[in-house]
1. How large, in percent, is the carbon and sulfur part of the accessible surface of the chain at a probe radius of 1.4 Å?
2. In bins 10 Å wide, starting from 0, what share of all Cα pairs of the chain does each bin hold, as a percent?
3. What does the C-alpha gyration tensor say about the overall shape of segment 10-50? Classify as rounded when a/c is under 1.5, otherwise prolate if a/b is larger than b/c, or oblate.
4. Would you mind getting the accessible area per residue of the chain, heavy atoms of the protein chains only, 1.4 Å probe, in Å²?
Amino acid sequence: MPLTSEQFNELVEQYAEIVLDRMDIGTMEQWIFDELCNRYSDMSETELRDYMVEIEAVSYTHLRAHETK
């Protein structure tokens with residue numbers, strides 16, 4: 001019997017946690033770096049520029065919010 005969508009999502013999350021728990025910090029950093037490079041290289045130049053502007057604006061706003069507390 002196939003898994004329900006909810007069961008499958010739970011299985012994915014549990015397995016991801018197992019894989020993550022087995023990684024050392026260096027391996028985790030490299031994996032994240034590789035994933036980000038793959039994601040960004042799939043974007044057009046315009047998409048990447050727009051994304052960078054959006055992320056930096058959100059980061060700056062978030063930082064300012066903490067400064068005013």
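The values are calculated or read from the model by the stated rules, or taken from the named source; none is laboratory data. What you see is a predicted model; the values in this text were computed from it and never measured. With ligands, DNA and RNA removed, areas are computed over all heavy atoms of the protein, side chains included. Shrake-Rupley method; radii C 1.70, N 1.55, O 1.52, S 1.80 Å.
1. Reported share for carbon and sulfur atoms: 59 percent.
2. With a bin width of 10 Å, the distribution comes to 16, 23, 30, 27, 3, 0.
3. oblate
4. 96 Å²
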